[in-house]
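Student: Sharing a structure with you now.
Laboratory data are not the source of any read-out in this text; all were calculated from the coordinates shown. The model shown is predicted, which means the values in this text are computed figures rather than measured ones. FYI the Cβ positions are ideal-geometry reconstructions off the backbone, even for glycines, and counts take in every protein chain you see.
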């Protein structure tokens, strides 16, 4: 019924083609300028937070363990959208005003840090204890054994889940539209409101997200293949 109405109405079809052509570049520009940059910056910062949090969890220090557990529990137990609203809309009520893009970076970084910390911690714990003992037998300190032996092996183990986390983060950047970041989904909302063709515009945005994720998945497969060469 829908297809017959669309293709049976040349004027409507021509309008869709015109809107699709005129909106593609603004949507792609929003993806390249904001969605991907937001995801890259947030993931890089979040990965640093994740490593520090994971090390705190396995440190044996009760204070560090408690702080790390609380942080992970709060972030994992509350919706990401609520966290973004607290940072962007809530903090100004106590005199702390942060622009939309930095607010999104903070929110996504904290979220990535909490979830990725469990991946990193599991990867570290998956390394046999004999690897630690081998480092100690060579006269290494805990820190040297961690940096030179354990973390490089844990990095290889954690690549697949962390890659999946990054791909999910790229899609989650659409939530930044709610705090006025002009990323791709925000652009799609503006174009849909102006053209009154939400189905077309949102479908086009979904297609671009899908294509980006296909490229990222191909890169992930390539990285995993290269890392597998070093497995005995």
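Student: Determine the equivalent ellipsoid of the stretch 57-102 by diagonalising the alpha-carbon gyration tensor, then write out the semi-axes as square roots of 5 times the eigenvalues, largest first, rounded to whole Å. Intermediate values should be presented prior to the final figure.
Tutor: Numbers: eigenvalues 155, 30, 15 Å².
Value: 28, 12, 9 Å, ordered largest first.
Student: Quick check: residue separation of residue 153 and residue 118 times 0.36 nm, minus the Cα distance between them. What number comes out in nm? Before the final figure, lay out each step's value.
Tutor: On the way: separation 35, 0.36 × 35 = 12.60 nm, distance 1.60 nm.
The span from residue 153 to residue 118 would gain 11.0 nm if fully extended.
Student: Over all directions, what mean area does the Cα convex hull of the stretch 144-232 project, stated in square nanometres? Before the final figure, lay out each step's value.
Tutor: Working: hull surface 31.0 nm².
So the mean shadow area of the Cα hull is 7.8 nm².
Student: Note the direction-averaged projected area, equal to a quarter of the hull surface, for the Cα convex hull of the stretch 1-137, in nm².
Tutor: Values: hull surface 59.0 nm².
Result: a mean projected hull area of 14.7 nm².
Student: Can you order the peptides 108-119, 206-217 by their average number of other Cβ atoms within 10 Å per residue, highest first?
Tutor: Details: 108-119: 22.4, 206-217: 14.3.
Going by the mean number of other Cβ atoms within 10 Å, highest first, we get 108-119, 206-217.
Student: If you don't mind, there's one more thing I want to ask. Rounded to the nearest 10 degrees, what's the angle between the helix 184-195 long axis and the longest principal axis of the chain, both from Cα atoms, 0 to 90?
Tutor: With rounding to tens, the tilt is 10 degrees.
Student: Using Cα pairs under 8 angstrom and six or more residues apart, how large is the relative contact order of the chain, in percent?
Tutor: On the way: 219 pairs, mean separation 63.5, N = 232.
Result for the chain is 27 percent.
Student: Against the longest principal axis of the chain, how steep is helix 62-76, in degrees 0 to 90 to the nearest 10, with axes from Cα atoms?
Tutor: 20
Student: Also, quick follow-up: Once the Cα atoms of helix 198-228 and of the chain are each reduced to a long axis, what angle between those two axes, in degrees from 0 to 90 to the nearest 10, is obtained?
Tutor: With both axes taken from Cα atoms, the answer is about 30 degrees.
Student: Grab every C-alpha pair in the chain, bin the distances at 5 angstrom width from 0 up to the longest one, and report whole percents.
Tutor: P(r) over the chain, rounded to whole percents: 1, 6, 11, 13, 14, 13, 11, 9, 7, 5, 4, 2, 1, 1, 0, 0.
Student: How big is D, in µm² s⁻¹, for the stretch 113-158 by Stokes-Einstein at 25 °C and 0.890 mPa s if Rh is the Kirkwood radius over C-alpha pairs?
Tutor: Stokes-Einstein gives a translational diffusion coefficient of 228 µm²/s.
Student: Follow-up. Roughly what percent of Cα-Cα pairs across the stretch 81-166 reach past 21 Å? Mind showing how you got there, number by number?
Tutor: Details: 1844 of 3655 pairs.
Roughly 50 percent, rounded to a whole number.
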